[in-house]
């Protein structure tokens with residue numbers, strides 16, 4: 001592959017390759033296209049924003065999420081549009097994935113099914129990196145309303161959550177307390 005490949009052609013080739021093999025490493029992509037790691041990350045960011053792929057540590061895989069008629073990724077619970085900034089991804093036993101618009105829907109999904117979750121990842125609200133949902137801190141019902149009510153926002157550290165809470169209010173909760181709280185208010 002030539003270094004002069006334009007981004008749209010490279011991205012189309014990445015999609016074709018992913019349809020054949022399901023997952024690829026960053027190293028495989030760098031070697032195939034003879035471009036920098038940052039160029040590959042920019043391509044993958046563009047594809048992820050479009051809901052076509054999901055970046056994972058060291059690589060990429062096809063997005064395992066539902067789409068609406070316009071091809072936009074939608075929440076497995078409420079059918080709202082999924083933003084990379086607030087997404088919540090659950091991998092269920094057997095490999096099935098559910099992708100949710102926000103921690104509100106993700107936490108409800110974890111509590112609302114008999115299926116066994118193998119892992120749960122959510123986007124850290126401040127930095128956008130995917131973090132373990134069981135170790136995260138949550139702010140519920142802050143002044144910042146993103147999509148679902150009550151607003152539920154995820155943070156990698158309790159320190160970041162407390163700083164956000166000082167500015168925007170809301171209740172600081174752990175995974176267990178947030179999960180129980182949301183399940184309880186939805187049963188009322």
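Any read-out appearing in this document is the output of simple, stated calculations on the displayed coordinates, not a laboratory observation. From a predicted model like this one, the values you see are computed outputs, not experimental measurements. Counting neighbours? That spans all protein chains shown, and the Cβs are built from the backbone with ideal geometry, glycine included.
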Rounding to the nearest 10 and keeping the result within 0 to 90°, find how far the Cα-based axis of helix 175-187 lies from the longest principal axis of the chain. 70
Shape descriptors of segment 68-147 over alpha-carbon atoms, Rg and Dmax in angstrom, are 12.3, 38
So residue 78 and residue 46, fully extended at 0.36 nm per residue minus their Cα-Cα distance, gain in nm 9.1 nm
Please report, largest first and rounded to whole Å, the three semi-axes of the ellipsoid equivalent to the chain, where each semi-axis is the square root of five times an eigenvalue of the C-alpha gyration tensor. 33, 18, 14
R0 = 45 Å: FRET efficiency of residue 141 with residue 15, Cβ-based, nearest 0.05? 0.70
Which of these, 40, 149, 140, has the largest mean-square fluctuation under a Gaussian network model of the chain (Cα springs below 10 Å)? 149
For 100, 134, what's the fewest-to-most ordering of other Cβ within 10 Å of each Cβ? 134, 100
List the extent of the Cα atoms of segment 7-62 along each of their three principal axes, largest first, rounded to whole Å. 23, 22, 20
Nearest 10, in degrees from 0 to 90: the angle of helix 37-49 to the longest Cα principal axis of the chain is 50
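To the nearest 500 deg cm²/dmol, what mean residue ellipticity at 222 nm is calculated for the chain from DSSP H runs of n ≥ 4 alone, each contributing -39,500 (n - 2.57), summed and divided by the residues?
It comes out at -11500 deg cm²/dmol, rounded to the nearest 500.
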On a 0 to 90° scale, report how tilted helix 7-21 is relative to the longest principal axis of the chain, with both axes built from alpha carbons and the result rounded to the nearest 10. 80
